[in-house]
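Read the structure below first, then the notes.
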There are 4 protein chains.
Amino acid sequence: MDLEPLVARARERMGQPAFDYIVGGAEDERTLRDNEDAWHRLRLRPRVLRDVGSVDASTTLLDRATPTPIMVAPTAMHRLAHVDGEQGSAAAAAQVGAVFVAATMATQSLESVARVAPGARRWFQLYVHRDRGMTRDLVDRAADTGFEALVVTVDAPVPGIRRRDRANGFELPEDLELANVRASLNSDSGGAMDEYSDAALEPGLTFDDLAWLAALRDLPLFVKGVLRADDAAACIEAGASGVIVSNHGGRQVDGAVSTVDALREIAPRLDAGAELYVDGGVRSGTAVAAALALGARGVLVGRPVIWGLAAGGRDGAAAVLTELHEELERAMTLLGAPTVADLSPDLVAT
Amino acid sequence: MDLEPLVARARERMGQPAFDYIVGGAEDERTLRDNEDAWHRLRLRPRVLRDVGSVDASTTLLDRATPTPIMVAPTAMHRLAHVDGEQGSAAAAAQVGAVFVAATMATQSLESVARVAPGARRWFQLYVHRDRGMTRDLVDRAADTGFEALVVTVDAPVPGIRRRDRANGFELPEDLELANVRASLNSDSGGAMDEYSDAALEPGLTFDDLAWLAALRDLPLFVKGVLRADDAAACIEAGASGVIVSNHGGRQVDGAVSTVDALREIAPRLDAGAELYVDGGVRSGTAVAAALALGARGVLVGRPVIWGLAAGGRDGAAAVLTELHEELERAMTLLGAPTVADLSPDLVAT
Amino acid sequence: MDLEPLVARARERMGQPAFDYIVGGAEDERTLRDNEDAWHRLRLRPRVLRDVGSVDASTTLLDRATPTPIMVAPTAMHRLAHVDGEQGSAAAAAQVGAVFVAATMATQSLESVARVAPGARRWFQLYVHRDRGMTRDLVDRAADTGFEALVVTVDAPVPGIRRRDRANGFELPEDLELANVRASLNSDSGGAMDEYSDAALEPGLTFDDLAWLAALRDLPLFVKGVLRADDAAACIEAGASGVIVSNHGGRQVDGAVSTVDALREIAPRLDAGAELYVDGGVRSGTAVAAALALGARGVLVGRPVIWGLAAGGRDGAAAVLTELHEELERAMTLLGAPTVADLSPDLVAT
Amino acid sequence: MDLEPLVARARERMGQPAFDYIVGGAEDERTLRDNEDAWHRLRLRPRVLRDVGSVDASTTLLDRATPTPIMVAPTAMHRLAHVDGEQGSAAAAAQVGAVFVAATMATQSLESVARVAPGARRWFQLYVHRDRGMTRDLVDRAADTGFEALVVTVDAPVPGIRRRDRANGFELPEDLELANVRASLNSDSGGAMDEYSDAALEPGLTFDDLAWLAALRDLPLFVKGVLRADDAAACIEAGASGVIVSNHGGRQVDGAVSTVDALREIAPRLDAGAELYVDGGVRSGTAVAAALALGARGVLVGRPVIWGLAAGGRDGAAAVLTELHEELERAMTLLGAPTVADLSPDLVAT
């Protein structure tokens, strides 16, 4: 979709530092750009003369039917974009039936998100903290409020180098709080995200910890941040239900492979029973269709939802999700794929 | 050929919305650009010391000799470009001996086109409508007025996403009508092309319908919009006389393979008895020569004819076709290929 | 070498139409640009720790020792650039020991060129005319005035499409004449090069004519304009002493392979006994070294000599040739190749 | 790291001619650019869920533990950048534990460098002079002042073509001297570097000379300027302890392969016992990590240290080295490689 007008409005409303925090990537932002470019480099091979009189983009995620494979990616601090915050984006997701992945680093608590979209599908993105008790507490709260799966982020043992934020001296604005973890924020670390990350997050996480995490409340576990087939297999082996191919939106190692390229490596090598997801640079329904064709079951969208939220709050976020879903349906129609099962790898040129 | 001056004049005369409707493509217009770029990426391997004292670019289309393999592609609403409309472009085609493919979405009826170029070769591009009776009626009218083949467009079950037209709020101007189908246009759908398409065109078309279409009046059938070897084979299997490699001028799925790349996939795999055509991004006689070398029998040219029509009516369109044909002859001379039969794949680097 | 200052001066002195005639290529000038780019795309693999205390760039052309593999390519009408004309460039070539290839379309006669550089090595570029008597006459004059070989141009059965010249209405200026062929120029064809070409040159030349040409005066014959290994072999088979890989400086078929790519195809497949030359886009001694490494025996330089001539007459042309030769020696030193025999294919990355 | 601000300050402080001397490369500066681009073209495959709670970037160079694989490359005339000169950059290296490679063409003598960083690791870059006695003298001085290895530069038998320096008429400023070799500088060659090079340096060096050099004082010998696997093997065969993959910062043969590409050729083919280093275009800790993953043991950084020195003297140089080392540690953390031994080739996409 044409995000430029939304991005322009978001920049204006958020102010440059908050906008930069969302829009930026690590170092020279090569992976950030490559994520988008990689979808654009794909060449599609539409089929013709299939009956596409009725197209159905619904799918099954975690063995449960869901109206769209488009999901809201976990991103930090939605109130940077709009006062509606995570409640707004969660409600937007619920409105279109998209799975909402709530972030540990949210500006509204997972309880408040659950309240605003009680019947909707919600997963919880978990940063494992050095304090395992606190980690367990987060998992308990997620399970108790109806989050149906954990998404463990594993590509951020330390923050990436974000030059924009350094230049801007970006900190969490005073009127916002990291609502899920505020108890653990020292007053003197203030809004400095990196300091919080360094102090609180666990860089020593290994495959051996996955079983512990999964067992805490018996929630299905997804590992987010996987870029290699061997790592994906090891995650499944260690008890994960699936992996999310991600490079953290180009915010960690600059030069990391695009998620398209990682998806193309991982998909044909992953156990059939494991669920595969992808995020990074998805800006159109055509890209969603391509991701599914390449083997993804669901596609997480981050920044576009934030631009929609910034531009129009809950309704703005919903409009973005709706337009992407309509684009997906149109792409399926034009590709000759009336159902997601018809989105097969031959639709993408090798 | 150097189209820039023509395009500039066309833009000026047509006004931006109509110009945008013609010039534009889907979404980010990547396939639109790639269509042209793909011809430019080809590297040619001219032969020397062949006798090119006399070069003959005539060929045989549908078992009938024709003076040029260049054809006028079916494009909608020629009166957007010039009051001469389809009658002008058809007369221009007749003047140079090029096959004219009349469009369902024309602003002048196929009967009036037949009248202006009675002895000339004309094919009819058919959109299959949900109303099969209306479809049959179109085929009858085409057969009755001397159109010698049907070109069924299969890559547009729904319209692509054309941002330019959305931004311009583009509609069929009030003084124009879709002359072939006006009976079926509701007054309230007005000039909104997309609404007409959605309401009237059949998205449920399959290979099984091809035999029905071919049998209606026993006209040879070409399937336009094919981008894959398997689909091309299936079309022939289902009774088509040939296929036209096309991505609808980059107006449907953005990211679809360029027609050059599709041609290179399809040509070596197609039955020898089937006729293969191509359109998309052809802007020079050298590109026409390359297309023939890669296995096309005829090459359809769309936008350049419209620019010529816009700039100079019938004569302008004829000038474009003439210049392209002369360029083709010169390219054949310089490639060491005195006849179209000499345009073999080795002339293009792998 | 850094030609920009020379080119700027040449443009100023020659005026735009004459400058455009020299600098331009066919159609979109893709091959023109690709010729230069292709040398730049090559990646070199310098050797170290070879004794390069003394480097010798001399070589053997046509079994005769010559101080440099750099040659002056045949280009038309040197007096467009400077009043010194072909006499100036021939004298410049003689000064540095470079073989001078005089053009049929010269503005000074081959006899006058012979007079100014009597002892120097000179070859004659021949356009075979429809009038075979006239062709024989040109060969006789060349042989009688000490030209030691014929270079038959075979890639110009008709002129390419040169938009610059069309836009400029470029003609031979009134004070210049095509001195070698003036007898055959009708007064009414005037300075129009294309008309002369069409009227006088033989587009029906074939491999069978090569033996006849070679036998006329028993001069060694080179075929210029070859871009394919099969054609190169056929030339040798038909009696040529060698071939010159050339696409006429990008002035004939736009889209033709770069001469680097053609050289890489032809060199490993050509008979060891045949001599291989290349022109097109060579702008530095490093490119000359690369050409020799890839299998060329000599390298013809066209436009740079004209820029030198335009900027400073004979001395300007000599300065260009001298600088290129010095660059070649430096490149050989830095590549670890003290003699031309040491310039082997492994110096260029595959 | 983001060098732009440093480069801007350096340009301002040094003045254009000195700045150009440092920043520039040979001819069209293609290899100069390609060196940097090649690191950026690499695509990394980070691992997840390795315990990166503690990351250690220390390594072993020449069988001696060293806190960082980052080294200061030998570059000429540090006092062009700052009055602190080589003493400043050597002290900076010592401060962070980086090996300092002192250059023959230094503006401060190797003895003075030794004095300022007596306990630090220092290697000496040697230009072998035509005058072998003078060469021996340099080696003696290096050995006597605690330089622990010789780095023989072999890619500069003659200087490359540096257009910037020619245009600027760049010479060694009057207040600076080539402190290591001043005795051999004729007064009339003045500051002209190229004249000195041509007069004094030995272009006849071969593999056979390596044994002689190594034996002079029994110092380990590294050969700098190697770009091919066969040459690398021959160096080791001839007695070198290792090779430094380098194209002299793009200052010699324009078009030479990037050092990344050369490293990828050489590393898998080099004897396990030999040490492999690389320089050229390294501008980030991520690039250092990639170099180690591809088989380098140490990575030499040249221009960035000079920009740091220019901007802030010794402290400025130290700041650059510190930031690069911290970036390296962060890259290792994010790549899932807690030690340099974990930096294996699979971290880089093929």
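Miscellaneous remarks
- Per-residue average of Cβ from other chains inside 10 Å of D:120-128: 0
- Across the identical copies, the label point of B:GLU148 (7 Å from Cα in the Cβ direction) is separated from its matches by 6.1, 6.1, 8.7 nm, in order from shortest.
- Comparing each chain alone with all protein chains together (probe 1.4 Å, DNA, RNA and ligands left out), the residues of region B:38-54 losing at least 20 Å² of accessible area are B:HIS40, B:ARG43, B:LEU44, B:ARG45, B:PRO46, B:VAL48, B:LEU49, B:ARG50, B:ASP51, B:VAL52, B:GLY53.
- 3J(HN,Hα) from dihedral phi, region A:316-326, Karplus parametrisation 6.51/-1.76/1.60, rounded to Hz, x for glycine, proline: x, 5, 5, 5, 5, 5, 5, 5, 4, 5, 5
- Counting only other chain Cβ atoms within 10 Å of each residue's Cβ, the peptide D:154-162 averages 5.
- Cβ-based net charge around D:PHE147, under 12 Å, with every Lys or Arg adding one and every Asp or Glu removing one: 0
- Fraction of beta bridges assigned by DSSP in region A:59-193 that are antiparallel (%, nearest 5): 30 percent
- Förster radius 51 Å - calculated FRET efficiency between C:GLU326 and D:ASP56 (Cβ-Cβ, nearest 0.05): 0.50
- Prolate/oblate/rounded label for the protein assembly as shown (Cα gyration tensor, a/c 1.5): oblate
- Inter-chain Cβ neighbour average for residues C:253-264, partner chain, 10 Å: 5
- Annotation for D:ASP2, label-to-label distances across the other copies: 3.2, 3.2, 4.6 nm (shortest first, one decimal, point 7 Å from Cα along Cα→Cβ).
- Percent RCO, i.e. relative contact order, over chain A, from Cα pairs under 8 Å lying at least 6 residues apart: 28 percent
- Axis of helix A:208-217 versus longest Cα principal axis of chain A: the two differ by about 90°, to the nearest ten degrees.
- FRET efficiency, B:ASP208 to B:ASP63 (Cβ-Cβ, R0 25 Å, nearest 0.05): 0.40
- Rounded, prolate or oblate (a/c below 1.5 giving rounded, otherwise prolate when a/b exceeds b/c) for region C:1-148 by Cα gyration tensor: oblate
- Three-way shape call for region B:111-178 based on the alpha-carbon gyration tensor, with the a/c threshold at 1.5: prolate
- Theoretical ellipticity at 222 nm over chain A - DSSP helices of four or more residues, -39500 (n - 2.57) apiece, nearest 500: -12500 deg cm²/dmol
- Distance between region B:64-107 and region A:265-312 - C-alpha centres, whole angstrom: 44 Å
- Label spacing, shortest first and in nm, from A:GLU237 to its equivalents in the remaining copies (7 angstrom along Cα→Cβ): 4.2, 4.2, 5.9
- Amide proton proximity set for D:GLN125, modelled H, under 5 Å, gap of 5+: D:ALA102, D:ALA103, D:THR104, D:VAL151
- When chain A is treated as a GNM with alpha-carbon contacts under 10 Å, the residue of A:TYR127, A:TYR277, A:TYR196 showing the greatest mean-square fluctuation is A:TYR196.
- Local net charge near D:ASN35, Cβ-Cβ under 13 Å (Lys/Arg +1, Asp/Glu -1): 0
- Secondary structure note: in chain B, about 15% of the DSSP beta bridges are antiparallel.
- Calculation over all alpha carbon pairs of chain A in 20 angstrom steps from 0 returns a P(r) of 32, 62, 6, 0 percent.
- Translational diffusion of region D:225-296, µm² s⁻¹ [Kirkwood Rh, Cα pairs; Stokes-Einstein; 25 °C; 0.890 mPa s]: 202 µm²/s
- Once the Kirkwood radius over Cα pairs is known for region D:191-350, the Stokes-Einstein relation at 37 °C and 0.692 mPa s delivers a diffusion coefficient of 191 µm²/s.
- Where chain A is rotated onto chain D, the residue of A whose Cβ comes nearest the axis, and that gap in whole Å, is A:ARG41, 10.
The values are calculated or read from the model by the stated rules, or taken from the named source; none is laboratory data. Keep in mind that this is a model prediction, so the values were computed, not measured. Counting neighbours? That spans all protein chains shown, and the Cβs are built from the backbone with ideal geometry, glycine included. Note: accessible area is taken over every heavy atom of the protein model, side chains too, but ligands, DNA and RNA are not part of it. Shrake-Rupley method; radii C 1.70, N 1.55, O 1.52, S 1.80 Å.
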